[in-house]
1. If we keep just the residues of the stretch 139-155 that are among the small types (Gly, Ala, Ser) and not in a loop (DSSP other than H, G, I, E, B), which is least open to solvent (accessible area, probe 1.4 Å)?
2. Would you pick out the residues in the stretch 134-153 that are of a type in the set (Ser, Thr, Tyr) and at pLDDT below 90?
3. Would you pick out the residues in the stretch 16-58 that are open to solvent by 40 Å² or more (accessible area, probe 1.4 Å), β-branched (Val, Ile, Thr) and closer than 18 Å to Asn85 by Cβ?
4. Among the residues of the stretch 67-110, write down those that are open to solvent by less than 70 Å² (accessible area, probe 1.4 Å), among the aliphatic types (A, V, I, L, M) and in a helix (DSSP H, G or I).
5. Pairs please, first residue from the stretch 21-47 and farther than 16 Å from Ala76 by Cα, second anywhere and open to solvent by 60 Å² or more (accessible area, probe 1.4 Å) and hydroxyl-bearing (Ser, Thr, Tyr), Cβ atoms under 9 Å, 6+ apart in sequence or on different chains.
6. Return the pair list, or none, for Cβ contacts closer than 7 Å from residues in the stretch 86-101 that are of a type in the set (Asp, Glu) to residues that are not in a helix (DSSP H, G or I), at least 6 apart or on different chains.
7. What residue, among those in the stretch 111-123 that are of a type outside the set (A, V, I, L, M) and surrounded by fewer than 17 Cβ atoms within 10 Å (Cβ to Cβ), is farthest from Val179 (Cα to Cα)?
8. Pairs only if they're at least six apart or on different chains, beta carbon under 8 angstrom, first in the stretch 57-68 and at positive phi and touching a residue at least 24 places away in the same chain (Cβ under 8 Å), second surrounded by 17 or more Cβ atoms within 10 Å (Cβ to Cβ) and not acidic (Asp, Glu); list them, first residue then second.
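The values are calculated or read from the model by the stated rules, or taken from the named source; none is laboratory data. Keep in mind that what you see is a predicted model, and the values were worked out from it rather than measured. Please note: Cβ atoms are built from the backbone with ideal geometry, for glycine as well, and neighbour counts cover all protein chains shown. Surface accessibility is based on the protein's heavy atoms, side chains included, excluding ligands, DNA and RNA. Shrake-Rupley method; radii C 1.70, N 1.55, O 1.52, S 1.80 Å.
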Amino acid sequence: VGSKVLLTSRIAVGVENPVPLEPLTHDESKALLRALGKSRNVRFIEKLDPATTDKYVDRMAGHPAYIKWFVSGIQAGMRPEDLINNNGLLLDFCMSNVYKHLAADARRCLECMQVLPGPRNQAELAYLGEFNARGIQSALLALLTTNFISMTHSSDENFHTFYHLSDFAQQYLDKHHPVNPSRRAQSFRPSRHGASG
């Protein structure tokens, strides 16, 4: 009975037990898209066939802000293809205010993840970024409180932990903070890694 309000933040607010929110599931995303379309009387969304709805929802990767932005754009008369293929404004809104609050070590860790894309363990990132054990742990903990990276665990008996960039983070960093080519080349020098990359 009544309403409940959930306040979220893309920037760590220093609470004792932060609750990370996972993206919406595919079905939840479709439900939100249709509910917003209906409540705002956006006929285009109400009339979408299931296959097209699935296509749009997949591209928005379970991000509620993306879905709301998409519906608002359609309501304003924009083409859905333009909203899906050119989400620069949304990326800036979701990521830039978080990035500017990151410490230098956290930014350096992100750069390592750009140089070596895909799931990476703590040791790989520490080696590439020349972190000590405490430094890489602090950088990763800081990033885990943001929407830049996520953490997964392997299902094997060794129980390894891996870190990887979110899709939004990858797009944002590639556009606004690409790794300098000389820095990328330096990361794979034979003298550094023992073999050419």
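1. Residues of the stretch 139-155 that are among the small types (Gly, Ala, Ser), as a first pass: 139, 142, 150, 154-155.
Checking which are not in a loop (DSSP other than H, G, I, E, B) leaves us with 139, 142, 150.
Values: Ala139: 4, Ala142: 42, Ser150: 43 Å².
Out of the qualifying residues, it is Ala139.
2. Residues of the stretch 134-153 of a type in the set (Ser, Thr, Tyr): 138, 145-146, 150, 152.
Result: Thr145, Thr146, Ser150, Thr152.
3. Initial filter on the stretch 16-58 (open to solvent by 40 Å² or more (accessible area, probe 1.4 Å)): 16-28, 30-32, 34-35, 38-41, 43-44, 46-47, 49-51, 54-55, 58.
Narrowing the set further to residues that are β-branched (Val, Ile, Thr) leaves 19, 25.
None - no residue of the stretch 16-58 is open to solvent by 40 Å² or more (accessible area, probe 1.4 Å), β-branched (Val, Ile, Thr) and closer than 18 Å to Asn85 by Cβ, so the list stays empty.
4. Ile67, Val71, Ile74, Leu83, Ile84, Leu90, Leu91, Met95, Val98, Ala106, Leu110
5. Cβ pairs passing all conditions: Leu21/Thr8.
6. No pair meets every condition.
7. Of all residues in the stretch 111-123, those of a type outside the set (A, V, I, L, M) come to 111-112, 114, 117-122.
Still in the list and also surrounded by fewer than 17 Cβ atoms within 10 Å (Cβ to Cβ): 117-118, 121.
Working: Pro117: 12, Gly118: 16, Asn121: 20 Å.
Among them, the one singled out is Asn121.
8. Ala61/Pro23; Ala61/Phe168; Gly62/Pro23; Gly62/Leu24; Gly62/Ser29
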